[in-house]
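Just below is one structure, and these are the notes that go with it.
The values are calculated or read from the model by the stated rules, or taken from the named source; none is laboratory data. Computed from a predicted structure; not experimentally measured. Here the Cβ positions follow ideal geometry from the backbone for every residue, glycine too, while neighbour counts run over all protein chains shown.
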């Protein structure tokens with residue numbers, strides 16, 4: 001074999017090896033990217049960021065200008081909203097509340113799309129909290145469960161502060177998305193359902209894109225799943241997957257960890273997730289075709305208080321084995337994009353924006369003994385908070 005021929009074979013062999021390595025990395029890209037988010041230290045030896053002080057406005061992403069008073073022009077309820085994951089992971093298990101990129105994603109994307117549907121029924125209180133990282137939701141390690149319990153402690157403290165300083169007996173809507181949805185479910189189980197007086201004030205709890213076990217919220221439960229849109233004091237919960245992604249639906253059931261009544265996180269196991277269809281507002285009406293979809297919205301970048309233009313009839317939605325199977329949206333503005341980590345989070349749009357808005361309006365009206373709510377003044381009293389002034393406590 002000539003020297004030239006030998007070099008050609010070596011070059012070809014090297015190219016094949018590189019191609020095989022590239023193929024392996026592509027096939028295992030999720031594992032590779034996930035590993036890059038691992039803090040690589042035990043939760044027990046990790047030093048957490050400073051705790052938020054909920055007496056300070058800077059610890060709230062959204063809060064009314066005068067949180068402990070209201071006027072006739074304000075909407076009739078208060079909304080306690082728990083935001084979804086914005087922190088990918090890396091060095092820390094849980095994020096500081098003032099991380100720049102995470103705060104920008106929260107204000108620009110998550111709040112307009114997911115807190116926005118509730119602004120017409122209530123003054124919105126959205127705490128910043130030391131959220132568990134995206135990595136913590138992608139692994140079932142004990143460290144990840146500790147991280148989620150750590151995040152709940154902040155949300156619990158914020159909710160108690162909200163009740164003490166600001167709510168003062170008004171109707172309440174509790175809502176959360178993804179990680180925030182799971183934390184809302186824990187608030188329901190620990191603080192709301194066992195307290196009859198508080199349960200009567202909570203018009204509805206929304207657990208959006210998070211898993212809760214269906215058997216726990218039967219019709220006989222202290223705080224049951226919603227069976228109709230005109231029902232108050234009930235739970236609306238679903239976790240979604242695209243119709244054309246059956247593996248995603250299976251993975252949801254296999255990997256889901258849910259809160260138990262002792263504050264632990266345990267596998268969902270053989271139990272089905274609860275699925276209250278957000279289009280019908282009922283656990284008993286599991287299917288809705290696209291004609292029933294009141295409107296999706298891409299509210300990313302809108303100022304708080306602005307109502308987005310709705311895109312009607314975008315998706316059908318069917319509860320199937322506890323998972324909301326959603327069709328592909330028709331509009332090009334409802335396309336999931338961004339980095340690999342961004343695609344693991346909730347989308348930067350809301351397929352059920354108008355449906356949730358109508359649902360919350362009906363349930364607050366029912367809680368108040370009305371058939372409908374009068375239109376409220378624009379929500380300009382609610383602002384993105386950047387100051388550090390203390391909230392006045394009420395004895």
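Here the condition is being part of a helix (DSSP H, G or I) and touching a residue at least 60 places away in the same chain (Cβ under 8 Å); of 125, 135, it holds for 135 alone. Going through (1) modelled with pLDDT under 95; (2) surrounded by 18 or more Cβ atoms within 10 Å (Cβ to Cβ); (3) touching a helix residue (DSSP H, G or I) at 6+ places or on another chain (Cβ under 6 Å) one by one, residue 84 falls short only on (1).
All conditions in (1) within 18 Å of the chain's Cα centre (by Cα); (2) surrounded by fewer than 24 Cβ atoms within 10 Å (Cβ to Cβ) hold for residue 112, with the sole exception of (2). Of all the numbered requirements in (1) farther than 23 Å from residue 357 by Cβ; (2) crowded, with 18+ Cβ neighbours inside 10 Å, residue 195 misses one, and that requirement is (2).
Please find, among 126, 77, the residue that is closer than 19 Å to residue 233 by Cα and touching a strand residue (DSSP E or B) at 6+ places or on another chain (Cβ under 6 Å). Give the steps one after another, and end with the answer.
Details: 126 fails: closer than 19 Å to residue 233 by Cα.
Matching residue, one of 126, 77: 77.
In the condition set (1) within 26 Å of residue 166 (Cβ to Cβ); (2) at pLDDT 95 or above, residue 213 is compliant with all but (1).
Quick grid of which residues meet (1) modelled with pLDDT of 95 or more; (2) in a helix (DSSP H, G or I):
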{"position": "40", "(1), (2)": "no, no"}
{"position": "50", "(1), (2)": "yes, no"}
{"position": "63", "(1), (2)": "yes, no"}
{"position": "88", "(1), (2)": "no, no"}
{"position": "111", "(1), (2)": "yes, yes"}
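When residues in the range 146-188 are screened for being surrounded by fewer than 21 Cβ atoms within 10 Å (Cβ to Cβ) and closer than 20 Å to residue 266 by Cα, 5 of them pass.
Name the residue that is farthest from residue 175 (Cα to Cα), counting only residues in the range 228-263 that are without any contact (Cβ under 8 Å) to a residue 24 or more places away in the chain and assigned to a loop (DSSP other than H, G, I, E, B). Only one residue fits best here, namely 245. The set of residues in the range 173-224 that are over 18 Å from the mean Cα position of the chain (by Cα) and assigned to a strand (DSSP E or B) comprises 202, 203. Quick check: anything in the range 150-161 in contact (Cβ under 8 Å) with a residue 24 or more places away in the chain, farther than 21 Å from residue 39 by Cα, under 15 Å from the mean Cα position of the chain (by Cα) and assigned to a helix (DSSP H, G or I)? The answer is yes, given that some residue of the range 150-161 is in contact (Cβ under 8 Å) with a residue 24 or more places away in the chain, farther than 21 Å from residue 39 by Cα, under 15 Å from the mean Cα position of the chain (by Cα) and assigned to a helix (DSSP H, G or I). Every test in (1) surrounded by fewer than 22 Cβ atoms within 10 Å (Cβ to Cβ); (2) within 26 Å of residue 328 (Cα to Cα) is passed by residue 237 save one, and that test is (1).
Contact annotation: residue pairs with Cβ atoms under 6 Å, 6 or more positions apart or on different chains, pairing a residue in the range 297-325 that is on the phi > 0 side of the Ramachandran plot with a partner that is surrounded by 15 or more Cβ atoms within 10 Å (Cβ to Cβ) and assigned to a strand (DSSP E or B), are 322/273. Does residue 279 satisfy being buried (at least 17 other Cβ atoms within 10 Å of the Cβ), over 17 Å from residue 109 (Cα atoms), touching a helix residue (DSSP H, G or I) at 6+ places or on another chain (Cβ under 8 Å) and free of Cβ contacts under 8 Å to residues at least 60 places away in the same chain? Criteria not met by residue 279.
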